[in-house]
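A quick write-up on the structure given underneath.
Read the figures in this text as sums done on the coordinates, not as results from a lab. Model, not experiment: these values are computed from the prediction. With ideal geometry, Cβ positions are generated from the backbone for all residues, glycine too; neighbour counts draw on all protein chains shown.
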Amino acid sequence: MLTHLMLGQARECLFEKLVSDSEKQSLHQCLDIAQEAAQVAEVYKQLHKLQSSTVIKDCVPSSWGGLMHVKMEYYTSLSHYYVALGLITLKDELNSTGKEKLEHLYVDVKSNEKREIKSVPQNANERLRLGRAHLHQSIATHEEALRTYRMCRQLQLIDSLHDLLQKANEKAMNLLSKVIEDVDQFQEMFEPLPIRASTKFQLKLTDPDFSQYRAIDLFKALGPLKFFSAKRHWTAARIVELKKASDDASFGFSVKEDSPVVVTRVEIGGIAEACGLKEGDYITAVNDQDTKWTSHAEMAELIKAAGNSISLKVVTPMNWKYLHSRGAAGMSMCSKSTSSSSSGFSSSSSRNPSPVGSVNGKEGEKRNSWNPFRRRNSKDPLESSYITNVLYR
């Protein structure tokens, strides 16, 4: 429905463009504008029927249906107004093109509903009579649009819409007042035929080309959201400076994974362990170069190109279970003091408190639970305390 609604708004823009381009209007141009207005009214008529269906009625605001109805009546009245404008004010002679245009201007009706009216006027009197009929139809439709506007409470808040409808109605009334003296008042009034909806513009849906303009991802600097998001907790980033004595020596750690690269093994007694690098650390920068999106092969090339000294910026996941499940080798390294690092995260397993109700370190010492139905004996310390508190008089 939203697609058809936007197409209807595009039809409105084309109608306004056609009206603004027609500075010196002729009869042929007025009839084209009238059919274009009828086309816009037909679009909003279909949209109003679609919005009134039970499937979509509860999904869109009720004011939308009121606005579609108002627009349908408004553009229907404009179609009749421009036909009357071309027939009354423009004194162009009806040539073969104009007569053919008038013959195909109206919607075909059934034989039993045909009115006694000629679609192509033969003289000036018939021309004024036909124009007057279209003016009366335009004014009646304008009044219907105003009535629909007053019935919708949300539309009443839009003052500009009321001003537009009122000015269009006054415009048709002024044109009728100019021609009312030239027409025989004793002639029978008739209702003109509906105007056929027609357009010279073909609308086409064009998908937006998002690759036409390159946009910078604002969150790319954060790294892959799978890891660096609010769902995961990390320590503060710290700098680890590694220096080795010769080219044959090793920094003492291994890496794996891509985007980001993670430290998988730290040699015991190596340079990396001495500098505070821990197993499970994520490398986010190498020598001030961001590596959150770096692959494993690119990280290996950066480490090789660094030479004998390298500066790593790492973060550690704040998940005790994640670090605790690294194995005996990792636990032996984590049990050492980490005062050299600035993460503030301690991996010492001896500091973890025992849960309530569990067995303590000493065997045989268990936490006694209180049982109200336990039978007290003479050695019960509670009973002795009660006896000592009794006062004899």
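Taking max minus min of the alpha-carbon positions on each principal axis, the range 253-317 gives extents of 29, 27, 18 Å, largest first.
Highest mean packing comes first when the peptides 255-261, 38-44 are listed by Cβ atoms within 10 Å, giving 38-44, 255-261.
Over the range 167-316, all Cα pairs binned in 5 Å intervals from 0 give whole-percent P(r) values of 2, 7, 12, 14, 10, 6, 4, 3, 3, 3, 2, 3, 3, 3, 3, 4, 4, 4, 4, 3, 2, 1, 1, 0, listed from short to long. Peptides 194-207, 3-16 ranked from most to least packed give 3-16, 194-207, packing being the mean of other C-beta atoms within 10 angstrom over each peptide's residues. The mean sequence separation of alpha-carbon pairs under 8 Å and at least six residues apart, normalised by the residue count of the range 132-234, gives a relative contact order of 31 percent. Residue ranges 268-278, 76-86, 300-310 sort as 76-86, 268-278, 300-310 when ordered by packing (mean number of other C-beta atoms within 10 Å per residue, highest first).
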